[in-house]
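Worksheet for the structure shown next.
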Amino acid sequence: MKHRLSLALVLSLGAPAALAQPAPAPPCGPMASEVFAPGCDGPGVLVCDTGASLPAGSSWCGCDGRTHEAASMAPPSGLRYRFRGACEVPARFELTPERSARNTLTGRVVVFALVGNGIAEATREVGPCGTEPTQPGELSRLRCGSGARSTVLVLRQAGGAVVVTRSSSAGAELLRLEVPVGQRLLAGAPRRF
């Protein structure tokens, strides 16, 4: 009996400290959900995200290298991801004829660079513009104008950005569009509109 009592006393006095659990994290609240923060290294970090209450759809590039869709503006529950957006996006030139204030054609072409959902004007060149075979490391290549006055425009990835350069100006950069690190670019044919 003496041994049982001392064992019970040791267990009851020692157990609370050994079995103590950290307090649970406070709930995110009714307008937020618990999701992983971006990043694929180490253990995931949970954060509260209010985007779960916004009904618009969104894409997320998962740590598995695949694009995951969500019904809200927050990443899908339990998804570890690199960045918001698709893992692969198109990268191409887009062209439209330039028009004057009187809506007449000027003979010039407005050249845009499209990367994923982002688009920006790169330059305005004398037309017409046509594609040329790409060189290693290029996504797309255009020749605008004709003869000695023609200009070659090149779309390429440079580090964490897509750049448009004019080859006749020793590679002068005309436009730079940043892209998330790790996002894969799919070269596409120029589109005219």
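Between Val47 and Thr131, the modelled labels are 4.0 nm apart [label points 7 Å from Cα along Cα→Cβ]. If R0 equals 41 Å, the separation of the Cβ atoms of Ser100 and Ala56 corresponds to a calculated FRET efficiency of about 0.60. In this simple spin-label approximation, Arg84 and Leu186 carry label points 7 Å from Cα along the Cα→Cβ vector, and these lie 2.3 nm apart. Evaluating 6.51 cos²θ - 1.76 cosθ + 1.60 at θ = phi - 60° for every residue in region 150-161, the Karplus couplings come out as 6, 10, 9, 10, 10, 10, 8, 8, 9, x, x, 8 Hz, glycine and proline recorded as x.
Each Lys and Arg contributes +1 and each Asp and Glu -1, all at the Cβ; summed about the Cα centre of region 26-86, the dipole is approximately 100 debye. Rounded to whole numbers, the Karplus 3J(HN,Hα) couplings from phi for region 72-87 are 10, 7, 9, x, x, 4, x, 7, 8, 9, 7, 7, 7, x, 6, 6 Hz, using 6.51 cos²θ - 1.76 cosθ + 1.60 with θ = phi - 60°, and x at Gly and Pro. Applying a DSSP loop filter and a limit of 12 other Cβ atoms within 10 Å to the trypsin sites (Lys or Arg not before Pro) in region 80-140 leaves Arg102.
Other residues with beta-carbon under 14 Å from the beta-carbon of Pro180 carry, at +1 per Lys or Arg and -1 per Asp or Glu, a net charge of +1. Backbone phi angles across region 90-99, fed through the Karplus curve with coefficients 6.51, -1.76 and 1.60 (θ = phi - 60°), yield HN-Hα couplings of x, 9, 7, 8, 10, 10, 8, x, 6, 10 Hz in residue order; Gly and Pro are listed as x.
Rule-based calculations on the coordinates, nothing more; no lab input. It should be emphasised that the depicted structure is a prediction, and the values quoted were computed from it without experimental measurement. We place every Cβ from the backbone using ideal geometry, glycine too, and count neighbours over all the protein chains shown.
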